[in-house]
Structure formats: C-alpha cells, structure tokens
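Peer 1: Let me begin by handing over the structure; questions about it come next.
The values are calculated or read from the model by the stated rules, or taken from the named source; none is laboratory data. Being a predicted model, the structure only gives us computed values, none of them experimental. Every residue, glycine among them, receives a Cβ derived from its backbone with ideal geometry; neighbour counts consider all protein chains shown.
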Amino acid sequence: MTSSGNSPHVSLAFTAFTMKQILENPLAGETATSRMKQIGMINVIYQMQMTNIETTINNIMNISRLSRDAVVESTTPLVARNLLREEQILNSAGRGRAFRFVIPDDILGTRPFITLKPSDS
C-alpha cells in the first residue's frame with residue numbers, strides 16, 4: 001500500500017482509472033449493471049485498503065451489507081481484469097483459511113494517477 005493513496009486527488013484518479021478499465025473493456029456476456037456493481041465494489045475495497053481494514057469477504061459483507069454471493073459476483077470479474085488479486089490468509093481464529101482481495105501494487109504504486117498533483121494555479 002502506498003501512503004499517497006490517501007490524497008483526495010489520488011482517490012479521484014483511481015476511481016476514474018478503474019471506471020475506464022471496467023466500462024471500456026466489457027467481459028463476454030457482462031451486463032451494464034454488472035459493470036456498475038464492479039465500480040462500486042472496487043471503490044469499497046480501495047477505501048478499506050487505504051484505511052487498513054482487512055479486505056476479507058466477511059469484512060466486505062459487513063461494510064457493504066451485501067450477501068456473500070453478491071460480493072463474489074462483483075469481485076470475480078475484477079480479478080479476471082487483474083484489478084484485484086485474491087490472496088489466501090489465515091482466518092481471524094488463526095486456524096483456517098480465509099480470502100482477502102488486494103488491489104495489486106502495480107496498480108497502486110506505478111500507475112500515472114498516483115503521481116497526480118493539484119495544479120499550482
């Protein structure tokens with residue numbers, strides 16, 4: 001995670017970048033409604049990641065009030081687009097497995113929108 005992700009300009013640029021990726025590159029059989037859900041989901045995950053909230057399915061469900069199926073339905077195409085990466089971690093009890101979604105560092109750390117600065121006008 002990058003600390004520059006907390007800037008409102010970076011947040012806006014991230015949203016614009018992901019919207020462009022999702023809207024201009026539809027997957028086969030994907031509906032407009034599905035793409036809009038993905039835009040919302042990637043922004044929820046981005047805000048969680050920037051505020052150091054573990055981006056597990058359960059935490060996403062608690063924040064978004066969506067069902068597990070709805071979270072999976074929205075995140076699966078984002079993983080296919082490489083806008084999200086799914087990682088296996090230990091669950092909160094430390095005994096089983098859980099999954100979390102992470103926005104890859106190559107998107108957060110090296111994309112041009114990360115270096116955007118407000119104009120000095």
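Peer 1: Within the range 14-52, restricting attention to residues that are under 17 Å from residue 106 (Cβ atoms) and in contact with a Ser or Thr (Cβ under 9 Å, 6 or more places away or on another chain), which residue is surrounded by the fewest Cβ atoms within 10 Å (Cβ to Cβ)?
Peer 2: By that ranking, first place goes to 49.
Peer 1: If you check residue 55 against the conditions, is it under 20 Å from residue 107 (Cβ atoms), touching a residue at least 40 places away in the same chain (Cβ under 8 Å) and out of contact with any Cys (no Cβ under 6 Å at 6 or more places or on another chain)?
Peer 2: For residue 55, the condition - under 20 Å from residue 107 (Cβ atoms), touching a residue at least 40 places away in the same chain (Cβ under 8 Å) and out of contact with any Cys (no Cβ under 6 Å at 6 or more places or on another chain) - is met.
Peer 1: Need pairs with beta-carbon distance below 8 Å; first residue over 22 Å from residue 25 (Cβ atoms) and within the range 62-85, second of a type outside the set (D, E, K, R) and part of a loop (DSSP other than H, G, I, E, B); sequence gap 6+ or separate chains.
Peer 2: The qualifying pairs are 63/53.
Peer 1: Which residues, counting only those in the range 58-112, are loosely packed, with under 12 Cβ neighbours inside 10 Å, aliphatic (A, V, I, L, M) and either at pLDDT 90 or above or assigned to a loop (DSSP other than H, G, I, E, B) (or both)?
Peer 2: 80, 93
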